[in-house]
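Enquirer: One structure is given below, represented as structure tokens, and several questions about it will come after.
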Amino acid sequence: MSSNDVTEAGTGTGETISLCEVPIDNVTLDEALARIDACIAQGRGGYVTTPNVDHVCRFHRDERFRNAYRESFLRLADGMPLLWASRLFGKAIRQKLSGSDFVYWLAEHASGKGYPLFLFGAAEGVADAAAAKLRALYPGLLIAGTHSPPLGFDRDPAASSDAMRRVKDSGARVCYVALGTPKQELWMQEASRVPGMPIMLGIGASLDFIAGRTKRAPVFLQKTGLEWFWRLCMEPRRLWRRYLIDDSYFLVLLLREARLSWSRRAG
Ligand code: UDP
């Protein structure tokens, strides 16, 4: 299993930090996997979120999303901008654990542990193609099932409950939920109330990346915090508003955090 570098100058072992008021668990890859193992061993269920700039901005303008975030049991820092901001404000996040990388690490871990994996969401055929890719990469991986519900299923209570039943009855211990933000976080919050649901991880466009339907940004753009720019170039009509308008609020949040941090130091 390969992973990106761990910063030893972090705030400590796995504590939850608050960045622009968003809770983020300051864990390394091994610690994140251990938390998931503990949850599965205790049969607790629950869901994992992956805060990035877009999520941080949405957290401030959408109360339902904020609540869904607060209920998740593990929040993994998804992008470089959050790592840089955390260093600036003296609470360095130790490792970038992007959802799009974590899907591979957790699949490998699941294959070793024998956790059956369910792939939920994305356009028709994408989850099946991603399942085939993951099985080829990790031959011991058990795929409990795949399901790509039609657009709008989440607004239909019967269709949503039916989807939850499929996931639950599959015997999966881990489920990747690829519905985009905020649908996936809201759906996972609701699904986590159903006894017997597996651990869920909100993964955005990751099934498209795994299946090769969408090309992920090159590594140098991921490392320089410009993955968003790549995605904007790939899908400008769908994403311009998100990245150029909605997410510019991140600058306001950074200034606010800087002011708070300075007044704490001065006081
Ligand atoms: N998607 C879906 N159902 C929906 C909306 C989106 O299955 O109602 C899927 C879509 O096909 C894609 C994924 O959600 O596979 C990711 O969407 P997006 O790019 O918005 O995710 P992000 O990574 O930006 O959160």
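Enquirer: Roll a 1.4 angstrom probe over the protein heavy atoms and tell me the percent of accessible area of the stretch 173-267 that is carbon or sulfur. List each step's numbers first, then the result.
Expert: Details: 3210 of 5260 Å².
Summing carbon and sulfur atoms, their accessible area is 61 percent of the total for the stretch 173-267.
Enquirer: Now for a separate question. At 7 Å along the Cα-to-beta-carbon direction for both Val194 and Arg237, put a label point, then send me their distance in nm to one decimal.
Expert: Placing both labels 7 Å along Cα→Cβ, they lie 3.4 nm apart.
Enquirer: What share of the DSSP beta bridges in the chain is antiparallel, in percent to the nearest 5?
Expert: 20 percent
Enquirer: Fully extended, how many nm does the chain gain between Trp230 and Thr16 (0.36 nm per residue separation, minus their Cα-Cα distance)? Let's see the in-between values first.
Expert: Values: separation 214, 0.36 × 214 = 77.04 nm, distance 3.00 nm.
Taking Trp230 through Thr16 to full extension adds about 74.0 nm, to one decimal.
Enquirer: Which whole number in µm²/s is D for the chain by Stokes-Einstein, with the Kirkwood Rh taken over Cα pairs at 20 °C and 1.002 mPa s? Walk me through the numbers before you get to the answer.
Expert: Numbers: Rh = 18.9 Å.
Translational diffusion coefficient: 113 µm²/s.
Enquirer: Which value, in Å² rounded to 10, gives the accessible area of Lys215 with a 1.4 Å probe and all protein chains present?
Expert: Rounded to the nearest 10, the figure is 130 Å².
Enquirer: A further question on this structure: Taking only C-alpha pairs under 8 Å that are 6+ residues apart, what is the relative contact order of the chain in percent?
Expert: Working: 436 pairs, mean separation 57.0, N = 267.
RCO, the chain: 21 percent.
Enquirer: Can you compute the helix-only [θ] at 222 nm over the chain? Use -39500 (n - 2.57) per DSSP H run of at least 4 residues, normalise by all residues, nearest 500 deg cm²/dmol. Provide the component values of the computation, followed by the final result.
Expert: On the way: 13 runs with 131 residues, N = 267.
When only DSSP H runs of four or more count, the value is -14500 deg cm²/dmol.
Enquirer: In whole Å, how far is the Cα centre of the stretch 126-180 from that of the stretch 40-115?
Expert: Rounded to whole Å, the Cα centres lie 20 Å apart.
Enquirer: What angle, in degrees between 0 and 90 and rounded to the nearest 10, separates the Cα long axis of helix 157-169 from the longest principal axis of the Cα atoms of the chain?
Expert: Compared with the principal axis, the helix lies near 80 degrees.
Enquirer: Solvent-accessible area per residue for the stretch 71-123 at a 1.4 Å probe radius, Å²?
Expert: That works out to 27 Å² for each residue.
Enquirer: State the percentage of accessible surface on the stretch 1-160 attributable to carbon and sulfur atoms; use a 1.4 Å probe and exclude ligands, DNA and RNA. Mind showing how you got there, number by number?
Expert: On the way: 3310 of 6620 Å².
With neighbouring chains kept in place, the figure for the stretch 1-160 is 50 percent.
Enquirer: Let me ask another. What shape does the stretch 90-200 take by its C-alpha gyration tensor, where a ≥ b ≥ c are the square roots of the eigenvalues and a/c under 1.5 counts as rounded, a/b above b/c as prolate, and the rest as oblate? Walk me through the numbers on the way to the answer.
Expert: On the way: a/c = 1.61, a/b = 1.20, b/c = 1.34.
Since a/c reaches 1.5 but b/c is at least a/b, the shape of the stretch 90-200 is classed as oblate.
Enquirer: Could you run the Karplus curve 6.51 cos²θ - 1.76 cosθ + 1.60 with θ = phi - 60° over the stretch 79-85 and give me ³J(HN,Hα) per residue in whole Hz, x for Gly and Pro?
Expert: x, 4, x, 6, 5, 5, 4
Enquirer: Moving on. Can you work out the accessible area per residue across the stretch 11-60, with the rest of the protein chains kept in place, probe 1.4 Å, in square angstrom?
Expert: Values: 1630 Å² over 50 residues.
Result: 33 Å² of accessible area for each residue.
Enquirer: Could you give the length gained by full extension between Val219 and Arg265, i.e. 0.36 nm per residue of separation minus their alpha carbon distance, to one decimal place?
Expert: Values: separation 46, 0.36 × 46 = 16.56 nm, distance 3.62 nm.
Fully extending the segment from Val219 to Arg265 adds 12.9 nm.
Enquirer: Assign unit charges at the C-beta atoms only (+1 for Lys and Arg, -1 for Asp and Glu), then state the dipole size of the chain relative to its Cα centre in Debye, rounded to the nearest 20. Write down the numbers at each step before the final one.
Expert: Working: 35 positive and 29 negative charges, 83 e Å.
With Lys and Arg at +1 and Asp and Glu at -1, about 400 debye.
Enquirer: Contour minus end-to-end for Ser161 and Arg44, with contour as 0.36 nm per residue of separation and end-to-end as the Cα-Cα distance? It would help to have the intermediate numbers written out before the result.
Expert: Details: separation 117, 0.36 × 117 = 42.12 nm, distance 1.96 nm.
Gain on stretching Ser161 to Arg44: 40.2 nm.
Enquirer: Would you be so kind as to identify which of Gly121, Ile143, Ala132 lies farthest towards the positive end of the dipole of the stretch 5-147, taking Lys and Arg as +1 and Asp and Glu as -1 on Cβ and the Cα centre as origin?
Expert: Most positive-ward Cα: Gly121.
Enquirer: Here's another thing I want to ask about it. What shape does the stretch 223-267 take by its C-alpha gyration tensor, where a ≥ b ≥ c are the square roots of the eigenvalues and a/c under 1.5 counts as rounded, a/b above b/c as prolate, and the rest as oblate? Each step should come with its number before you reach the end.
Expert: Working: a/c = 8.05, a/b = 2.61, b/c = 3.09.
Note, shape of the stretch 223-267 comes out oblate.
Enquirer: Sticking with this structure for a sec: State in Å² the accessible area per residue of the stretch 149-245; use a 1.4 Å probe, count heavy atoms of protein chains only, and round to the nearest integer. All intermediate terms of the calculation are to be shown ahead of the outcome.
Expert: Working: 5060 Å² over 97 residues.
Per residue, the stretch 149-245 has an accessible area of 52 Å².
Enquirer: Take the alpha carbon gyration tensor of the stretch 174-216, find the square roots of its eigenvalues, order them as a ≥ b ≥ c, and report rounded if a/c is under 1.5; if not, report prolate when a/b exceeds b/c, else oblate.
Expert: Working: a/c = 4.50, a/b = 2.05, b/c = 2.20.
In terms of gyration-tensor shape, oblate.
Enquirer: In square angstrom, rounded to the nearest 10, how much accessible surface does Val126 have for a 1.4 Å probe?
Expert: Ignoring ligands and nucleic acids, Val126 comes out at about 10 Å².
The values are calculated or read from the model by the stated rules, or taken from the named source; none is laboratory data. The shown structure was predicted, so the numbers you read here are calculated from the model rather than taken from an experiment. Cβ: placed from backbone, ideal geometry, glycine included. Neighbour counts: every protein chain shown. Remember, those area values only see protein heavy atoms, side chains included, never the ligands or the DNA or RNA. Shrake-Rupley method; radii C 1.70, N 1.55, O 1.52, S 1.80 Å.
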